[in-house]
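Chemist: Dropping a structure here in structure tokens format, bear with me for questions.
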Amino acid sequence: DGEILVSGDLVMKGYYNRPEDSSEALTGGWLHTGDIGYIDAQGYLVMTDRKKDILVTSGGKNISPQRLETLLRVSRFIEQAVIIAERRRFVSALIVPDFLQLKQFCSGARIEYTVPDDMVKKPEIIKLYEAEVDKVNSRLDSFEKIKSFVLMPQELTAEAGELTYTLKVKRRVVDEKYKTIVDKMY
């Protein structure tokens, strides 16, 4: 499943007075790190996700949300992204635009808007983000491709309970808070 396993003299012999945890973490002389990764072309270990963060679609496919979110955030037009896939038929995303970049785009393209909520509903803006999602999809396997997305009119914040104070997505909170929006994508 892509989990990174470690073996050698540097690995602990087990957890103190916790035999159940030790037998779960150490199997056949290998420490199960809980990290997902791969060896790249240069022979370096690349960590891509935490195993507990993997989303499983209704078809049983494992999706690494952090990897897809990072690929989306490479776009200058995307500030935040949340991948939705757990027990769903396909992958979708909540996308928060980089509103500074988007305002500059609107100005150059002469797209009128009054507030961010108005801006994210404009057909020209949706088309712009479809192109950005298509760029990401071109790098993904078919089961990972983002088939639907919604542009969010405001950032996710720790103050609103959507992010941790280290800015990690609280998936359960986002799923509950935006359930109506997410359900419409399916």
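Chemist: Taking Cα pairs under 8 Å and at least six residues apart, what relative contact order does the chain come out at, in percent? Present the calculation step by step, with values, prior to reporting the outcome.
Modeler: Values: 249 pairs, mean separation 26.9, N = 186.
Result for the chain is 14 percent.
Chemist: Follow-up. By DSSP, what percent of the beta bridges with both residues in region 61-161 are antiparallel, rounded to the nearest 5?
Modeler: Numbers: 6 of 11 bridges.
Of those bridges, close to 55 percent are antiparallel.
Chemist: Right, another one. What label, among [x] 18.7; [y] 17.2; [z] 16.6, belongs to Kirkwood radius over Cα pairs in Å computed from the structure on display?
Modeler: Given [x] 18.7; [y] 17.2; [z] 16.6, the structure-derived one carries the label [x].
Chemist: Still on this structure, I have one more. Give the aspartates and glutamates reachable from K170 as a straight Cα distance under 13 Å; neighbours fewer than 8 places away on the same chain don't count.
Modeler: Result set, ordered by chain and number: D53, E159, E162.
Chemist: When the accessible area of the chain is computed with all protein chains present and a 1.4 Å probe, what percentage of it is carbon and sulfur? All intermediate terms of the calculation are to be shown ahead of the outcome.
Modeler: Details: 6040 of 11670 Å².
Result for the chain: 52 percent of the exposed heavy-atom area is carbon or sulfur.
Chemist: At 222 nm, what helix-only mean residue ellipticity would the chain give, in deg cm²/dmol to the nearest 500, using -39500 (n - 2.57) for each DSSP H run of four or more?
Modeler: Values: 7 runs with 60 residues, N = 186.
So the helix-based figure for the chain works out to -9000 deg cm²/dmol.
Chemist: Here is a follow-up. About the Cα centre, and with charges only on the beta carbon of Lys, Arg (+1) and Asp, Glu (-1), how big is the dipole of the chain? Nearest 20 debye, please.
Modeler: Working: 28 positive and 29 negative charges, 88 e Å.
In total the dipole reaches around 420 debye.
Chemist: Just the number please: accessible area per residue for the chain, 1.4 Å probe, all protein chains included, in Å². All intermediate terms of the calculation are to be shown ahead of the outcome.
Modeler: Working: 11670 Å² over 186 residues.
Accessible area per residue: 63 Å².
Chemist: Of the options L68, G108, A81, report the single residue whose Cα projects farthest towards the positive end of the charge dipole of region 66-179 (beta-carbon charges: Lys, Arg +1; Asp, Glu -1).
Modeler: Farthest towards the positive pole: L68.
The values are calculated or read from the model by the stated rules, or taken from the named source; none is laboratory data. This is a predicted model, so every value here is computed, not measured. As a convention, Cβ positions derive from the backbone with ideal geometry for all residues, glycine included, and neighbour counts pool all protein chains shown. Accessible surface is based on the protein model in full, side chains and every heavy atom, while ligands, DNA and RNA are left aside. Shrake-Rupley method; radii C 1.70, N 1.55, O 1.52, S 1.80 Å.
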